[in-house]
Amino acid sequence: MSLKRWMIVGVTLLIVTLLYSLSGYIFVYNNNAYVSADVVRIAAGVSGIVSKVPVEDNSFVKEGSLLLSLDQVPFQLNVQSARARLSKALAEQRNLSLETAEKRSELEIQKAQNQLAAENLARYKKLFEAGDLSRQDFDERQEQYTVTELQTAQAQQAFDLSQQQSDIYAAEVKDLKSSLGVAQYQLQISQLYAPTDGYVNNLKIFRGGYVNSGDTLFGFINRDTTRIVANIKDTNLAMLHPGKRVWVYLANYPWRFFKGEVESLGRGVSRSESTEDPALPYIEPVTSWIRYSYRIPVRINLVNFPEDKQLFVGADARVFVFR
C-alpha cells in the first residue's frame, strides 16, 4: 500500500476518532438506564400472628389504606395491663402524698412545740439561776424540752422517709407511663398502613402466618416517584444539567419515545467495588476486556407520561440527549 493510501487511512481514523470523542458534546445515547422509584420495605415493627391481609400482590392502594394487621389481642392486653399498673401506682402515689402532707403538718407542730419548750427552758433557767425556781421545777422544764426535741427529730425522720418514698413512687409512675406508651405504640404499629399512594409488590405473607419484628414482609412502590435512572459516562455529562430535555425509550413500549427532563446528576460514585460505602454507589465500569469510562447516575423525570401506561421498576430504558 502506497504512502498516500496510508495517510488517507490514518486521517480517516483520526477524523472518526475525533468525531466519536466529540459526539458526546453533541449527542448522547445511553442504554444503561432503567425505571426506578422509591421502594419501601414494609417490615414488622413487632412480632405476632397475621390476622388480616386486605391487599393483593401488585394491587394499587391509597395512602393510609390498611396493608396488614397482626392479631390485636396480645397488644390490647399489654395496654390494659400497663394501664392497670399505672392506675395502681397513681393511687398509691396519691395516698402517699396525703401521708406526706400529714407528716409535714406533724413536723411543723413538733417544731413549734420544741421552740416553745426551748423558750420556756430559757426563761426558767434565768429564774432558777436567780433562786426564784426550785431545782425540781427546772429539771421538769428541761426534761420537757428534751422530749419535744426528740419528738421533733422523730417527726423530721418520718417526714424525710415519706418524702423519699414519694420520690421513688414518682420515678415508678414515670416508668409505668413509659411502659404504657410502649404498649400503646406496639399496638399502633401492629397494623401497617400504606405510607403513600402506591403498589404492593412481592407479597408473600398471608393470614395465619407468624412474623418476627424486623422481618421484611413485602415491597411498596411509591407511585409518584417513578423516574428513569441513566448511568451516563462522565465524558457525556458536559451537556447535562437539571431541567435538560431528553428522550426516553422504554423496552416495554417499543417504537415510542417519551419526553423526559433531567432532575439531578449524581455527585459521586465509588471507584472500587471492594469499598463498602453506602453513601457512594458503585457502577461497574469494565467488561471482560474493555474498560469503560466511569458512569454517573442521572435521575430523569418523565414529562406528561400517559396515565394509561404502566412503568415497571427495574425495566430497561434508553436515553437520547441532543444539544
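The values are calculated or read from the model by the stated rules, or taken from the named source; none is laboratory data. What you see is a predicted model; the values in this text were computed from it and never measured. So basically every Cβ, Gly included, is an ideal-geometry build from the backbone, and we count neighbours across all protein chains shown. The protein model used for the area step is the full one, side chains on, heavy atoms only, and it has no ligands, DNA or RNA in it. Shrake-Rupley method; radii C 1.70, N 1.55, O 1.52, S 1.80 Å.
State yes or no: is residue 182 within 30 Å of residue 49 (Cα to Cα), open to solvent by 60 Å² or more (accessible area, probe 1.4 Å) and of a type in the set (Val, Ile, Thr)?
When the stated conditions are applied, residue 182 passes them.
Filter region 214-260 down to the residues that are charged (D, E, K, R) and farther than 30 Å from residue 42 by Cα, then identify the one that is least open to solvent (accessible area, probe 1.4 Å). Spell out how you get there, then give the answer.
Looking only at region 214-260, we keep the residues that are charged (D, E, K, R), and these are 215, 223-224, 227, 233-234, 244-245, 256, 259.
Subsequent filtering for residues that are farther than 30 Å from residue 42 by Cα retains 233-234, 244-245, 256, 259.
Details: 233: 49, 234: 70, 244: 33, 245: 103, 256: 96, 259: 93 Å².
Among residues in region 214-260 that are charged (D, E, K, R) and farther than 30 Å from residue 42 by Cα, the one least open to solvent (accessible area, probe 1.4 Å) is 244.
Would you say residue 162 is surrounded by 13 or more Cβ atoms within 10 Å (Cβ to Cβ), assigned to a helix (DSSP H, G or I) and either touching a Cys at 6+ places or on another chain (Cβ under 8 Å) or among the small types (Gly, Ala, Ser) (or both)? If you could, list the steps in order and put the result at the bottom.
Working: surrounded by 13 or more Cβ atoms within 10 Å (Cβ to Cβ): yes; assigned to a helix (DSSP H, G or I): yes; either touching a Cys at 6+ places or on another chain (Cβ under 8 Å) or among the small types (Gly, Ala, Ser) (or both): yes.
Yes.
Out of region 59-114, which residues are polar (S, T, N, Q) and either in contact with a strand residue (DSSP E or B) (Cβ under 8 Å, 6 or more places away or on another chain) or more than 30 Å from residue 164 (Cβ to Cβ) (or both)?
Looking only at region 59-114, we keep the residues that are polar (S, T, N, Q), and these are 59, 65, 69, 72, 76, 78, 80-81, 87, 93, 95, 97, 100, 105, 110, 113-114.
Once the filter is applied, which keeps residues that are polar (S, T, N, Q) and either in contact with a strand residue (DSSP E or B) (Cβ under 8 Å, 6 or more places away or on another chain) or more than 30 Å from residue 164 (Cβ to Cβ) (or both), region 59-114 yields 59, 65, 69, 72, 76, 78, 80.
Given the criteria open to solvent by 60 Å² or more (accessible area, probe 1.4 Å), in contact with a Gly (Cβ under 7 Å, 6 or more places away or on another chain) and of a type in the set (Phe, Trp, Tyr), does residue 193 qualify? Break it down into steps so the answer makes sense when it comes.
Details: open to solvent by 60 Å² or more (accessible area, probe 1.4 Å): yes; in contact with a Gly (Cβ under 7 Å, 6 or more places away or on another chain): yes; of a type in the set (Phe, Trp, Tyr): yes.
For residue 193, the condition - open to solvent by 60 Å² or more (accessible area, probe 1.4 Å), in contact with a Gly (Cβ under 7 Å, 6 or more places away or on another chain) and of a type in the set (Phe, Trp, Tyr) - is met.
With respect to the numbered conditions (1) charged (D, E, K, R); (2) open to solvent by less than 80 Å² (accessible area, probe 1.4 Å); (3) at pLDDT 85 or above, which one is the sole condition not fulfilled by residue 92?
Of everything listed in (1) charged (D, E, K, R); (2) open to solvent by less than 80 Å² (accessible area, probe 1.4 Å); (3) at pLDDT 85 or above, residue 92 misses just condition (3).
Is it true that residue 124 is more than 30 Å from residue 97 (Cβ to Cβ), open to solvent by less than 70 Å² (accessible area, probe 1.4 Å), in a helix (DSSP H, G or I) and of a type in the set (Ser, Thr, Tyr)?
Details: more than 30 Å from residue 97 (Cβ to Cβ): yes; open to solvent by less than 70 Å² (accessible area, probe 1.4 Å): yes; in a helix (DSSP H, G or I): yes; of a type in the set (Ser, Thr, Tyr): yes.
So residue 124 fits the description; yes.
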